[in-house]
């Protein structure tokens with residue numbers, strides 16, 4: 001086990017250098033010209049460059065740690081969905097649903113490459129508070145999903161593999177609202193979208209949702 005204080009001291013073996021001028025060395029593929037970083041072995045009489053790689057220009061700051069400090073201390077690769085204990089989790093598309101509790105609507109949603117379930121919802125009314133409980137069904141460590149809906153005042157969600165995260169949304173007008181994945185996840189990323197239809201307050205439009213096939217409408221109040 002590595003002690004914390006040991007890696008607060010500079011390594012006597014390696015040096016990282018950030019170099020600003022890299023004219024014609026890298027393709028201009030972003031909003032600014034790529035700059036350069038280099039890793040040197042300084043343990044011998046003459047330092048040797050062992051890695052040369054492109055990086056962003058600012059900030060000119062670097063920090064490194066031995067790989068085994070991370071690799072050997074609890075790095076997870078798989079996040080079992082069965083370990084998710086969130087009270088609003090949907091552990092599969094069959095558990096996706098939309099439930100009304102007075103003026104609160106709870107959407108039990110799943111995200112997986114490359115669609116949401118449910119992906120079309122009707123029957124939301126002005127005055128409702130909508131809670132999207134989004135479960136990322138991916139379990140591999142490098143497949144997060146995002147979730148956003150037009151008009152949300154609290155930005156978006158980033159849902160890590162096997163996790164459930166909640167976004168509260170209060171519609172401010174009648175109409176159609178797109179929802180979509182905000183974190184690139186696969187070649188079919190743009191398929192991860194859907195719509196919520198908001199009706200006027202007091203509307204009799206039943207609460208329905210789409211998960212592969214149209215779900216039955218809620219029964220009208222007696």
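A short reminder: the numbers here are calculations on the coordinates, not readings from a lab. This one's a predicted model, so the numbers in the text were calculated from it and none came from an experiment. As a convention, Cβ positions derive from the backbone with ideal geometry for all residues, glycine included, and neighbour counts pool all protein chains shown.
Here are the numbers for the structure shown:
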item: Cα→Cβ-extended label distance, 7 Å offset, between residue 160 and residue 69, nm; result: 1.9
item: Histogram of C-alpha separations across region 82-214, 5 Å bin width, %; result: 2, 11, 22, 25, 20, 12, 5, 2, 0
item: Computed lengthening from residue 76 to residue 16, 0.36 nm per intervening residue step minus Cα-Cα distance; result: 18.8 nm
item: Viscosity 1.567 mPa s, temperature 4 °C, Stokes-Einstein D of the chain from Kirkwood C-alpha radius, µm²/s; result: 61
item: Counting DSSP beta bridges with both ends in region 82-214, the antiparallel % (nearest 5); result: 70
item: Proportion of all alpha-carbon pairs of region 36-99 beyond 15 Å (%); result: 75
item: Volume in Å³ per residue [convex hull over Cα atoms, computed for region 126-202]; result: 82
item: For region 15-124, alpha-carbon Rg over 2.2 N^0.38 Å; result: 1.87
item: Largest-first ellipsoid semi-axes for region 5-71, taking √(5λ) over the Cα gyration tensor eigenvalues, angstrom; result: 26, 15, 10
item: Relative contact order computed over the chain (Cα-Cα under 8 Å; 6+ residues apart), in percent; result: 16
item: Rounded to 5, the percent of DSSP beta bridges in the chain classed as antiparallel; result: 80
item: Spatial separation of Cα centroids for region 162-203 and region 77-141, in angstrom; result: 11
